[in-house]
Amino acid sequence: MIPVFDGHNDALIAEDHGSLASGRHGGHLDLPRMRTGGMRGGIFAVFTRTYDDRSRAPAVDRDDGVRTFPLDPEISSERAALVCTTVAGRLLALERTGRMHVARAIADIDNAREGPSDAPPVAVLHFEGAEAVGPDLAALETWYAAGLRSIGPAWSRPNRFAHGVPFIYPSSPDVGPGLTPQGFALLRRCAELGILIDVSHLTEAGFWDVASRDAGPIVASHSGAHAISPCSRNLTDQQLDAIGRSGGLVGIVFACGFLRPDFVDSPQTTPLELIVRHASHVADRIGVEHVGLGSDFDGAYIPSELGDVAGLPRLLNALRDTGGFTPAEVEAIAWHNWRRVLDAWWR
Ligand code: ZN
């Protein structure tokens, strides 16, 4: 079985029944299903919901045919810090009980791939939105010690560091300002510590702000190609070119709405093959070494044909059979490309 490193999941914040360790009812990802699918490592996101009672405000369909979701308001640092402490604690408990490793160095990534298939998988701790980090950035030290190795300055809402990209279809990602001065300071400090910066939820302005600093390879952990699905969350060909020049990577997202040309969020009618099309577009444009996987398991509707993390071998087969990628290229998409960019950012 081909080992997979997946660039983004929300399993730590999923709230359905069961446990990550022994198996959940529903959802996309748990340890038993990771073993079935060959997922030996991945980036595990910590995310603070804007609202306690719902995921976000419903879509608004404008008269001109544009579908837009109202931008979530800012949340407080205090609330985000409490949620991050709680959710990261779930991962650290899995580490303490020997069910998972938390990656703190690149050797942890390598060990997870080379070890026996029933060895504990490796998790990279990621903040999807940096609200829990205060203006003086001191909390980064604590979180780095706990294992934080990846951060998205903002989710799709504004905070003190950046203006996240709102969900709009059809729309360019150029919708709003980029990094704030504190956002540039965050980027500098993360580069010093060795914490990867993830641009997936940034506006196009924020993307170019990150690109201008030349801090490390540009990484979009869970995004698609705007040329196929023209929504604000996807990357334009010009952004892809910059990612390629930087030696970076796009984790191809599995979210139906971001995959489909019509933005419809329907698992039953979204073919697995669309994930392959996005991967092929990025590979054709900037090279297969810049393609990875970034599922958004437990954070999005994904094609029923894939189902959940146990279905990953079906996707790898499709990359080979439909996408025409060679076995070595499939292995690079599944693992080695992610390994390269993590190694470039980490100290
Ligand atoms: Zn996300």
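Bear in mind these aren't lab numbers, they're just calculated from the coordinates by the rules spelled out. Note that the coordinates shown come from a computational prediction; the quantities given were computed from them, not determined experimentally. We place every Cβ from the backbone using ideal geometry, glycine too, and count neighbours over all the protein chains shown.
What the Cβ-Cβ distance of A59 and H25 gives, at R0 = 22 Å and to the nearest 0.05, is a FRET efficiency of 0.20.
Reported to the nearest whole Å, the Cα centre-to-centre distance from segment 1-51 to segment 214-235 is 22. Across the options N234, W345, N9, the greatest Cα extent toward the positive end of the charge dipole of segment 4-345 (unit charges at beta carbon of Lys, Arg, Asp, Glu) belongs to W345. Close amide-amide hydrogen proximity is noted between A119 and no other residue 5 or more places distant or on a separate chain, at a cut-off under 5 Å (H modeled in the peptide plane; Pro and chain starts excluded). Per-residue ellipticity at 222 nm from helix content only, as computed over the chain with -39500 (n - 2.57) for each DSSP H run of at least four residues, stands at -10000 deg cm²/dmol. In terms of its C-alpha gyration tensor, segment 303-347 comes out oblate, because a/c is 1.5 or above while a/b does not outweigh b/c. Around the amide H of V291, modelled in the peptide plane, lie the amide H atoms of V250, all under 5 Å away and 5 or more residues distant in sequence or on another chain.
Of the residues T85, F69, V124, the one whose Cα sits farthest toward the positive end of the charge dipole of segment 1-139, with +1 on the Cβ of Lys and Arg and -1 on the Cβ of Asp and Glu, is V124.
The phi-based Karplus calculation (6.51 cos²θ - 1.76 cosθ + 1.60; θ = phi - 60°) puts the 3J(HN,Hα) values of segment 118-124 at 9, 5, x, x, 10, 10, 9 Hz, whole numbers, x for Gly and Pro.
Out of the DSSP beta bridges found with both residues in the chain, what percent are antiparallel (nearest 5)? Once the DSSP bridges in the chain are tallied, antiparallel ones form about 25 percent. Annotation: amide H-H contacts under 5 Å for A225 (H modelled 1.01 Å from N, sequence separation of 5 or more, or interchain): L235.
Shape analysis of the chain places it in the rounded category; the axes a ≥ b ≥ c from the Cα gyration tensor give an a/c below 1.5. Cα centroids of segment 270-338 and segment 170-189: 28 Å apart. Computed over neighbours whose Cβ is under 10 Å from that of E74, the net charge equals 0, Lys and Arg +1, Asp and Glu -1. Rounded to the nearest 20 debye, the dipole magnitude of segment 134-196 is 60 debye, with +1 charges on Lys and Arg beta carbons, -1 on Asp and Glu beta carbons, and the Cα centre as origin. Taking the Cα centre of the chain as reference, the dipole from Cβ charges on Lys and Arg (+1) and Asp and Glu (-1) amounts to some 560 debye.
Each Lys and Arg contributes +1 and each Asp and Glu -1, all at the Cβ; summed about the Cα centre of segment 262-347, the dipole is approximately 340 debye.
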